[in-house]
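Below: one structure, written as structure tokens.
The values are calculated or read from the model by the stated rules, or taken from the named source; none is laboratory data. Predicted, not measured: the structure shown is a model, and the values here were computed from it. Here the Cβ positions follow ideal geometry from the backbone for every residue, glycine too, while neighbour counts run over all protein chains shown.
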Amino acid sequence: MEYEINNNTLYICALEGKKTKIYESDAEYEVNISASKVIEHSCEYFGSTMEGRQLGTKSLIGVTHKSPIFIEESSNIIFFPLNSPRNELCSWVSFNNVLSYKQGKNQKSTIIRFKNGKELEVFASIGTITNQILRSSRLQVVLNDRKQRI
């Protein structure tokens, strides 16, 4: 099954064996491809590559590691990785759907509350989530500012 990220996609969770669990606002799917392939396919579906999106982020805000990326610009769909995208177990979070977050059960996990009320505990520290939210916010502001100047 191929899957395209959309406005309802909340979380792309990498699983062992190059499988991925996809959480949407009102559904969950498991696909037999890696999370990075889901991201790559979605970037290509919307006319770019993951590498191109990463280079765009570098150009816009100077971030080169664990870069948030625009999956699709006109709908402002931004996803950020929880660790290095080179890691096959890298999961991705929809910046646009995050409402709030708080410390998880331990120092290495965070509970994210999405705008639809769903909560998921992710394996990333609250510091990592905070940093990724700030980077994603900056990316969105810079690109939106450039769009307004056109």
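The single residue among I71, I111 that is within 18 Å of Y23 (Cα to Cα) and in contact with a Gly (Cβ under 6 Å, 6 or more places away or on another chain) turns out to be I111. The residues of region 52-96 that are part of a helix (DSSP H, G or I), surrounded by 22 or more Cβ atoms within 10 Å (Cβ to Cβ) and either touching a His at 6+ places or on another chain (Cβ under 9 Å) or of a type in the set (S, T, N, Q) (or both) amount to a single one, T57. Taking the options S75, S91, S137, S84, name whichever one is touching a residue at least 40 places away in the same chain (Cβ under 8 Å), closer than 21 Å to I33 by Cα and of a type outside the set (A, V, I, L, M, F, W, C). One residue alone meets the criteria, S91. Residue count for region 1-36 satisfying the condition of being surrounded by fewer than 17 Cβ atoms within 10 Å (Cβ to Cβ) and not in a loop (DSSP other than H, G, I, E, B): 6. The lone criterion from (1) within 14 Å of the chain's Cα centre (by Cα); (2) surrounded by fewer than 19 Cβ atoms within 10 Å (Cβ to Cβ) left unmet by S100 is number (1). Checked against (1) more than 12 Å from the chain's Cα centre (by Cα); (2) surrounded by 16 or more Cβ atoms within 10 Å (Cβ to Cβ); (3) assigned to a loop (DSSP other than H, G, I, E, B), L143 meets all criteria but (3).
In the set R149, R135, R113, only one residue is of a type in the set (K, R), at pLDDT below 95 and either touching a Lys or Arg at 6+ places or on another chain (Cβ under 8 Å) or farther than 20 Å from Y3 by Cβ (or both); that residue is R149.
Candidates in region 110-130 are the residues that are surrounded by 15 or more Cβ atoms within 10 Å (Cβ to Cβ) and not in a strand (DSSP E or B); of these, the one that is nearest to the chain's Cα centre (by Cα) is I129.
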